[in-house]
Structure formats: C-alpha cells, structure tokens
1. Can you tell me the order of 97-110, 65-78 when each peptide is scored by its average per-residue count of other Cβ atoms within 10 angstrom, highest first?
2. Please calculate the 1.4 Å probe accessible area of L165, with all protein chains present, and give it to the nearest 10 Å².
3. Could I have the simple spin-label model distance between Q130 and N63, label points 7 Å from Cα toward Cβ, reported in nm to one decimal?
4. Could you order D61, D111, D48 so the one with the most accessible surface comes first? Probe is 1.4 Å.
5. Counting only protein chains, not ligands or nucleic acids, how are R119, R64, R15, R135 ordered by accessible area (probe 1.4 Å), most first?
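The values are calculated or read from the model by the stated rules, or taken from the named source; none is laboratory data. Predicted model only: the values in this text are computed from it and were never measured. Neighbour counts run over all protein chains shown; Cβ positions are idealised from the backbone, glycine included. Only protein heavy atoms, including side chains, enter the accessible area calculation; ligands, DNA and RNA are left aside. Shrake-Rupley method; radii C 1.70, N 1.55, O 1.52, S 1.80 Å.
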Amino acid sequence: EEVTFDKEDTREGLRLSGLALTGVAATALNPTITPTLIEQSLEGAVADGIVMAGTVDLVDDQNRIIDLKTSKRKWPETKAAYELQPPLYSVLFQAVTGHPPGGFEYAVVADGKTPSVQRIEATPTPQQTQAALLRVQSAIQGIAAGSFPYRPSPMTCGFCGYNALCPVGSAYLKN
C-alpha cells in the first residue's frame with residue numbers, strides 16, 4: 001500500500017501515516033522477530049543529573065531494541081553511527097530493566113510506491129554512549145543557562161520534554 005506525506009500534514013495526519021508505515025514494517029519484520037515489548041514508555045535516571053524518558057517501538061525476545069523510522073528513501077549505512085537514539089535508548093533501557101539491551105537496530109521504512117524495510121545494526125559502542133551522555137548533559141546545562149542554540153519547529157518543539165525550561169520552545173508552541 002502506498003503511503004505519502006503532504007507538506008501540510010498535521011500531527012494527527014503524520015501519526016496516521018506513521019501507523020500505516022508501521023503496518024508495512026510489522027509485515028516485513030514479523031517472520032524474523034518475536035516482540036516482547038511494543039510501544040513501551042520508559043523513564044529513569046541514566047546518569048548523574050540526567051533523567052530521560054522515551055518510548056521504544058519494539059523489544060524482541062533477545063532484548064534487542066528495534067526502532068522504526070520512516071524516510072523518503074533508504075538511509076546510508078553510516079547514518080546510524082551518528083544518531084543519538086541508539087546510545088540513549090540503550091542506557092535508558094538498562095536503567096529501567098537492570099540489564100543492557102541485546103543490541104539496537106533501526107528498521108527504516110522507505111516510503112514510495114512499494115515501501116521497503118531496511119534493517120540497520122546500530123548497537124552503540126561505549127565511546128558512543130559516553131559521547132551521547134555528554135551531549136545531553138551539555139544541552140541540559142545550556143537550556144538552564146539560556147544559551148542553548150534552538151531551532152524551533154513543530155516537530156522538534158512538539159516532542160521536546162524541556163519546554164518548561166525553554167522560553168522559545170514553549171512560546172513557539174503557544175502560537
């Protein structure tokens with residue numbers, strides 16, 4: 001089934017499109033994974049002064065976190081190495097469950113006439129995890145000090161958990 005995105009899509013429209021693409025991903029992943037958690041919200045202290053919350057899309061029977069992404073086209077294989085989500089969700093998973101995940105994988109649903117699912121291994125190294133935590137700590141300190149370089153948009157501000165601290169983000173969402 002073809003799934004398209006319009007420039008004028010609302011948050012609800014994007015949510016519904018995402019659900020349709022998730023169905024495509026579920027069909028493609030179904031023979032290869034056994035989910036133990038689906039759309040599971042997690043919240044916990046991941047480091048000194050850092051409390052995180054997130055929702056993992058899937059965790060399989062090997063405790064691998066599988067994150068579903070939608071994209072206009074396939075991702076370059078190197079893109080996953082620069083993403084913050086694998087190390088941060090891995091740390092959060094361990095903080096909440098008491099054990100590390102069995103890995104992290106992206107399932108990228110590329111939109112088009114025939115959507116396809118690209119699976120990309122993205123289990124973070126200890127160095128990637130430490131770098132990600134340092135970036136989060138720096139962002140928190142910057143927001144608190146009022147020196148955070150913001151780029152307000154409905155997508156970033158709408159999902160940010162720091163709107164209470166960020167005068168630009170909270171003002172942006174009110175408009």
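1. On the way: 97-110: 18.0, 65-78: 15.8.
Going from most to least packed, we get 97-110, 65-78.
2. Accessible area of L165: about 90 Å².
3. 2.3
4. Per-residue accessible area, sorted high to low, gives D48, D61, D111.
5. The most accessible residue leads, giving R135, R15, R119, R64.
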